[in-house]
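First comes the structure, then the notes that go with it.
The values are calculated or read from the model by the stated rules, or taken from the named source; none is laboratory data. In this text, all values refer to a predicted model and were calculated from it rather than measured experimentally. Cβ coordinates were reconstructed from backbone atoms using ideal geometry, including for glycine residues, and neighbour counts include every protein chain displayed.
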Amino acid sequence: MLFAFLSQEMKDLPPKEAISKTKQYLSIIGAHIDKVLSKELSKEARHRAELWEYVSVYIRNPALSGERIAGIYVKLKEKAAAAAKAAAAADA
């Protein structure tokens, strides 16, 4: 299973690199969840919570609930948007 492989891979990495890869994977997973949910706006909140709970099962860290992982993703997404805005302003 992919998540089992990633969990083992993370154990072998230095902590900073593991955190960096985790952020990268959460950004990819979150973007996909956003894409799926944009098609079902009427049920979005419930589906969003269910999808993040599903992700939390495979992270295998009891301290990270689906809600907490979703919050981390939102912060990552906001930072990426701010960085993109700053880069665009610097180019202008």
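So the values come out like this:
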read-out	value
Residue pairs meeting the criteria (Cβ under 8 Å; at least 6 apart or on separate chains; first farther than 20 Å from ASP34 by Cα, in the stretch 48-65; second among the hydroxyl-bearing types (Ser, Thr, Tyr) and surrounded by 14 or more Cβ atoms within 10 Å (Cβ to Cβ))	ARG60/SER7
Some residue of the stretch 29-51 being within 23 Å of LYS11 (Cβ to Cβ), modelled with pLDDT of 90 or more and either in contact with a Pro (Cβ under 8 Å, 6 or more places away or on another chain) or of a type in the set (Val, Ile, Thr) (or both)	no
Contacts under 6 angstrom Cβ, first residue in the stretch 72-85 being at negative phi, partner part of a helix (DSSP H, G or I), 6 or more apart	TYR73/LEU26; TYR73/GLY30; LEU76/LYS23; LEU76/SER27
Unmet requirement for LYS85, which otherwise passes all of (1) surrounded by 12 or more Cβ atoms within 10 Å (Cβ to Cβ); (2) modelled with pLDDT of 85 or more	(1)
Test for HIS32: is it closer than 22 Å to ALA81 by Cβ and not hydroxyl-bearing (Ser, Thr, Tyr)	yes
